[in-house]
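The values are calculated or read from the model by the stated rules, or taken from the named source; none is laboratory data. Quantities reported herein were computed from a predicted structural model and do not represent experimental measurements. For neighbour counting, all protein chains shown are included, and Cβ atoms are generated from backbone atoms with ideal geometry for every residue, glycine included.
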C-alpha cells in the first residue's frame with residue numbers, strides 16, 4: 001500500500017529535523033540554517049502544528065536580522081517567505097502582527113523574480129493575492145497598494161487565460177480596498193473594469209469562477225444604490241442574480257442565502273418605490289428559494305397590494 005500524505009509529511013519532517021539539528025551546531029552556516037528553518041516551518045504548517053511552525057519562522061527571522069547586522073543580505077525570496085509565512089499563521093488571532101509581517105515583507109517584493117528562492121511567477125502572484133485579501137479582511141486596506149503594484153507589474157500585458165483571471169481578481173481586490181477607504185468613485189472604476197474583464201472571459205468560455213463576475217456586479221450595485229443611481233442599481237442586481245441563478249441551476253452555488261438576499265434586496269428596493277408589480281417577481285422567487293426567510297417580505301408585499 002502506498003504511503004499516505006501524512007506519512008509523506010512525517011518523512012519530510014524527519015529529514016528537516018535532521019538538517020536543522022546538524023546546522024544549528026555549525027558556525028558560518030546561518031544562510032543554510034535559515035533555509036532549513038523556513039522549509040521545516042512550511043512542513044509544520046501543513047501538519048497544522050502552528051505553534052512549532054511560528055517558532056521556526058521566529059528563529060528564521062532572527063537569523064535574517066543577524067545577517068543584516070553583519071552587513072549580509074538574504075535572498076529576497078527567503079526574506080519574503082519567512083515574514084509572509086509567519087504573518088499567515090498569526091492570521092485572525094493577531095491581525096496587527098500579521099499586518100506588520102506583511103508590511104515588512106513588502107519592502108522587498110520588487111526584488112522577487114522567478115530565480116528567487118521559494119517563488120516562481122505564479123507563486124508570487126498567488127501570495128500577493130492572499131496578502132491583499134488578508135489585509136482587507138483585517139482592516140488594513142491602505143497597506144495593499146504595494147502588493148497590488150506587484151500584481152499589476154506581473155499581470156499587465158499578459159493575455160493567457162490564467163493571467164486574465166488573476167487580473168480580474170486584482171481589480172476586485174483593488175475595488176474592495178478603495179471601498180474600505182471610502183473612495184467610492186475609485187471603487188466604481190475598478191468594479192467596472194472587473195466586470196468588463198469578467199464578461200470578456202465569460203464570452204470566450206475562459207472565466208474560472210462565475211462568482212468573481214457576480215461579486216463586482218453586486219458591489220457596484222451597492223455603491224449605485226447609495227448614490228441614488230437606482231436604474232443602474234437594478235440593472236447590476238439583475239445581472240448578479242442571473243449569474244447566481246445559473247450557478248444554482250448547475251448545482252454549483254455554495255450558499256443559496258446569497259441569492260435569496262439579492263432577491264430580497266431588489267424586492268425591498270422596488271417596494272420602497274411603491275413598485276409592487278416589479279417587486280412581485282423577486283418576492284415569489286425568494287419564496288421558492290427560502291420559504292422561512294420570506295415571511296416578513298410576503299406580509300409587506302400583501303399590505304402594499306391591499307393599500
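Return yes when residue 114 is surrounded by fewer than 21 Cβ atoms within 10 Å (Cβ to Cβ), touching a helix residue (DSSP H, G or I) at 6+ places or on another chain (Cβ under 9 Å) and at pLDDT below 95 and no when it is not. Yes; evaluated as a whole, the condition is true for this residue. Between 48, 100, the distinction of being out of contact with any helix residue (DSSP H, G or I) (no Cβ under 9 Å at 6 or more places or on another chain), under 25 Å from residue 138 (Cα atoms) and either exposed (fewer than 14 other Cβ atoms within 10 Å of the Cβ) or modelled with pLDDT of 95 or more (or both) belongs to 48 only. Does residue 61 fit the bill of being in contact with a helix residue (DSSP H, G or I) (Cβ under 6 Å, 6 or more places away or on another chain), in contact (Cβ under 8 Å) with a residue 60 or more places away in the chain, within 18 Å of residue 101 (Cβ to Cβ) and crowded, with 17+ Cβ neighbours inside 10 Å? When the stated conditions are applied, residue 61 does not pass them. Against the test of being under 19 Å from residue 103 (Cβ atoms), touching a helix residue (DSSP H, G or I) at 6+ places or on another chain (Cβ under 7 Å) and free of Cβ contacts under 8 Å to residues at least 60 places away in the same chain, the options 138, 175 yield a single qualifying residue, 138. Is it the case, given these coordinates, that residue 110 is in a helix (DSSP H, G or I) and either free of Cβ contacts under 8 Å to residues at least 12 places away in the same chain or over 26 Å from residue 36 (Cβ atoms) (or both)? Here the answer is yes, as residue 110 does meet what is asked.
Here's the yes/no breakdown for (1) in contact (Cβ under 8 Å) with a residue 24 or more places away in the chain; (2) within 19 Å of residue 51 (Cβ to Cβ):
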position: 89; (1), (2): yes, yes
position: 94; (1), (2): no, yes
position: 106; (1), (2): yes, no
position: 132; (1), (2): yes, no
position: 143; (1), (2): yes, no
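Filtering the stretch 201-215 to residues that are in a helix (DSSP H, G or I) and either in contact with a helix residue (DSSP H, G or I) (Cβ under 8 Å, 6 or more places away or on another chain) or buried (at least 20 other Cβ atoms within 10 Å of the Cβ) (or both) leaves 201, 202, 211, 212, 213, 214, 215.
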